[in-house]
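The values are calculated or read from the model by the stated rules, or taken from the named source; none is laboratory data. As the structure is a computational prediction, the values presented were derived from the model and not from experiment. Here Cβ is always computed from backbone atoms with ideal geometry, including for glycine, and neighbour counts include all displayed protein chains. Areas reflect the complete protein model, heavy atoms only, side chains present, ligands, DNA and RNA absent. Shrake-Rupley method; radii C 1.70, N 1.55, O 1.52, S 1.80 Å.
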Amino acid sequence: MEAFGRHVVRFHHRMTESPHFPNHQPDPARRTDLDALRGIAMILGIVLHALLSFIPTPWPVQDTRQNGLFFIPYAAIHMFRMPLFFLISGFFTMFILQWHGLGGMIRQRVQRILLPLLLALLTIVPVDNLLKREANELSLPDPSKKTPLIRAILSGDQAAVIRQLDMGTSVNQADPAYGLSPLCWASLSGNDQAVSLLLERGANIRWGDKSGNTPLHEAALFCHPRTVRLLLEHGADPSARNTAGSTPLGVCAGTLELKRDTAAKLGLEFSGGPEPRGRIHDTVEVLLPAERTPSFSSWFDRVSARYREALVSDHFLIRVNGHPVHLFDETLLDHLWFLWLLLWLVACVALAVWAGFTPSGKFLWWIPPLTLLPQAFMGTPLGPDLWLGPLPPPHLLLYYGLFFWFGAALFSRDGMETRMGRGWQVLLPLGLLILLPGAFILIGNRGAGSLVQCGYAWVISLGVMGLFGRYCSRLGYRARWFSDSAYWMYLAHLPLVLAIQIALVRLPWPPSLKFLLVMVAVTFLLLASYRWLVRYTWIGTLLNGPRKPSQAG
């Protein structure tokens, strides 16, 4: 490994000392406030992953002590963090382009982004996957927690179902472990005989679980078109929304990864491959004509569902050495997806510059309204979608690309002297006190909700730029040290977060204390590892360029 490191360092020196690397000289004074803000955006990613253990989500480690209020800071951060990161990345990409030229910018991005991404995929991601498997083993459902009626439904034993009901078992009695009614379990498993019998015995077709999912949501989630049709014939409401604002059509057109994770936590089977993808299409075809409340929001729900159904369809399924790989719906990049997307955006800017279409400050304020279109196609209730596959979905590429282009155009207009966000005293209260609550209130409304969420992302991103410009412009080398360390911390944090969450998962401590322990332990270990094991080694050179111990920072 050390020999490999020496080759990396020699490669770096050859690249930067090449006669084809124009204007090679020390960088001009950097914006320490933006360096610090970029580091904060990285660290907030660690905060999000630490929070997920304490929120009912498909996260691998589901703590025994959870707090639904943790979703508020999670959503507040998630809605602006990556837009801010790509905005700043576009700003600095244009700075590098101006200082080193197009070829130099491309070479620098290959060194600092592509090579770390490849190395992390070979080293860090396999460890992540091992820990996720360990976490999934810990969270396997206990079959004894399901009632006899539910076990009979899941086994497909119709005679046993009838016996349980004849013995007086309530047709609407939820199981104590999952809070799901017998009709919900029958819908999840696609047991149409049990669904018909339960409805005949008076099962509540509008039952909502703790997430607001009705039996129709459950049948649509696991793509049982016949069950969906049966529930609709008995009066199920196709426009009902769960607490996340999703209709049955919305949950149907989700990714297979989400469906597999949910099935595993419920002790059900849901396999991948072409057949379930075909069931998604069939279920969408049943749900689309059932909408009874035409409106702009419902119309856009239909368009969005069609779009996301197409993204996860088998049209984008290829075979690599005999193994099926989906171009969009495949878990490959883990938490490193943002680096791959950043490379795509850098390539797009490089092509635009090569074609003579360099980002400029003209029409700068036309860019924010354009983000409304990709935001309206998001499948998550708040903020941008998560994506881990080989190709970035078009709506995410456009969404983040607009923030990236805005940052590049901002540098072209103002250079390093930009004072964007000077009205932060107004912007931050507007975002946090008005737009953030509005985003929660308007969950499920694609029109007004998309407008408010986009406004929040832009207002907070520009507001924190102004805040940091006011108070963090004289940090000196400390900001560069922090920004350098944050890059390493984000790359390496996930195995530590998962390991500590697994260690704490069954302890009867308050969730807030567990979250604090995760953050303190992970931050201390990562900062220590960066200072003593990374900064002055070939890894630090690869991530941030050469650093000498004799220099401050």
Task: Carbon plus sulfur fraction of accessible area for the chain, probe 1.4 Å, in percent - done: 64
Task: Positive-pole candidate from Ile205, Pro248, Phe357, dipole of the chain, charges at beta carbon - done: Phe357
- [ ] Would you please name the trypsin sites (Lys or Arg not before Pro) within segment 498-553 that are DSSP coil residues with at most 14 other C-beta atoms within 10 Å of their C-beta?
- [x] Arg506
TODO: Go through Arg474, Arg308, Arg206 and list them by solvent-accessible area, largest first, probe radius 1.4 Å.
DONE: Arg474, Arg206, Arg308
Task: Radius of gyration and Dmax over the Cα atoms of segment 348-495, both given in Å - done: 17.1, 46
TODO: Enter the accessible area of Trp509 (Å², nearest 10), with the probe set to 1.4 Å and all protein chains included.
DONE: 100
Task: 17 Å Cα-Cα reach of Lys514 towards aspartates and glutamates, excluding residues that sit fewer than 8 places from it in its own chain - done: Asp63
- [ ] Between Arg133 and Val325, with labels modelled 7 Å along Cα→Cβ, what's the label distance in nm to one decimal, could you check?
- [x] 2.0
Task: Point-charge dipole on Cβ atoms (K/R +1, D/E -1) for segment 276-387, about Cα centre, debye to 20 - done: 260
Task: Residue order for Leu398, Leu268 - accessible surface, 1.4 angstrom probe, largest first - done: Leu398, Leu268
Task: Principal-axis tilt of helix 71-109 within the chain, Cα atoms, nearest 10 degrees - done: 40
Task: Net dipole in debye of the chain [+1 Lys, Arg Cβ; -1 Asp, Glu Cβ; about Cα centre; nearest 20] - done: 1800
- [ ] Taking the Cα centre of segment 134-281 as origin, sum charge times position over the Cβ atoms of Lys and Arg (+1) and Asp and Glu (-1), and report the length of that vector in debye to the nearest 20.
- [x] 220
Task: Förster radius 25 Å - calculated FRET efficiency between Ala448 and Ile72 (Cβ-Cβ, nearest 0.05) - done: 0.80
TODO: Take the chain, drop everything but the C-alpha atoms, weight them equally and run the Debye formula without solvent; then report log10 I(q)/I(0) at 0.13 Å⁻¹ to two decimals.
DONE: -1.41
- [ ] Kindly provide the helix-only [θ] at 222 nm of the chain, computed as the sum of -39,500 (n - 2.57) over DSSP H runs of four or more divided by all residues, to the nearest 500 deg cm²/dmol?
- [x] -19500 deg cm²/dmol
- [ ] Provide the per residue accessible area, probe 1.4 Å, for the chain, rounded to a whole number of square angstrom.
- [x] 44
Task: Given charges at Cβ of Lys, Arg, Asp, Glu: segment 98-216 dipole, positive-most of Leu188, Leu118, Gly103 - done: Gly103
Open item on the list: At 1.306 mPa s and 10 °C, plugging the Kirkwood radius over alpha-carbon pairs of segment 322-421 into Stokes-Einstein gives what diffusion coefficient in µm²/s?
Closed with: 105
Task: Per principal axis, descending, Cα span of segment 399-473 in whole Å - done: 40, 26, 13
Task: Glu285, Glu233, Glu330, ranked by accessible area, largest first (probe 1.4 Å) - done: Glu233, Glu285, Glu330
Task: Trp365 versus Arg206: modelled label distance in nm, points set 7 Å from Cα along the beta carbon direction - done: 4.7
